[in-house]
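A short write-up of the structure that comes next.
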Amino acid sequence: MQRRDPNPCSERRGEWHYGEELRESAEERAEGLIRAALKRKGWMEKDLQERRKGDEFKVRLAEQLRAETTVTLRWIAARLCMGTRGHLTHLLYWLKCKEPSKNQSRKPKYSKTID
């Protein structure tokens, strides 16, 4: 019977282990998206600190970062000055609830027939 190593990756480290580079690349992409959004809005970096944690622009930017990058919620919350990752999760949840669903029709699901 063969003995298995509890951590199979412990002996197989090499050039293909590039997690740090991927994280840095995701952060660079996120920074580029933030700079572009700030420029479109006409904001400066200090505006991120001065505006409310739940500012709609910041929440929508966080949603975009979440969709287009692999940065963590903790990183997004810290970078956009939005408090904790839990608070950001709460804000993203309510943003999603406010937007009408694409599958949601305006017609009632069931129609009552009278015979």
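Each reported figure results from applying straightforward, stated rules to the coordinates on display, with no laboratory input. Keep in mind the model is a prediction, meaning the values are calculated, not measured. Note that each Cβ is placed from the backbone with ideal geometry, even for glycine, and that neighbours are counted across all protein chains shown.
See the values below:
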| quantity | calculated |
| --- | --- |
| Dipole in debye (nearest 20) - segment 21-98, about Cα centre, beta carbon charges: Lys, Arg +1; Asp, Glu -1 | 360 debye |
| Efficiency of FRET from Cβ geometry, R60 and S25, R₀ 25 Å, rounded to 0.05 | 0.60 |
| Neighbourhood charge, 14 Å Cβ-Cβ cut-off, centred on K41 and excluding it, Lys, Arg +1 and Asp, Glu -1 | +2 |
| HN-Hα J in Hz across segment 82-95 - Karplus 6.51, -1.76, 1.60, θ = phi - 60°, x for Gly and Pro | 10, x, 8, 5, x, 5, 5, 4, 4, 5, 5, 4, 5, 5 |
| Net lengthening on full extension, K46/A78 (0.36 nm per residue, minus Cα-Cα) | 10.2 nm |
| Cα shape, segment 21-98, gyration tensor, a/c 1.5 rule | oblate |
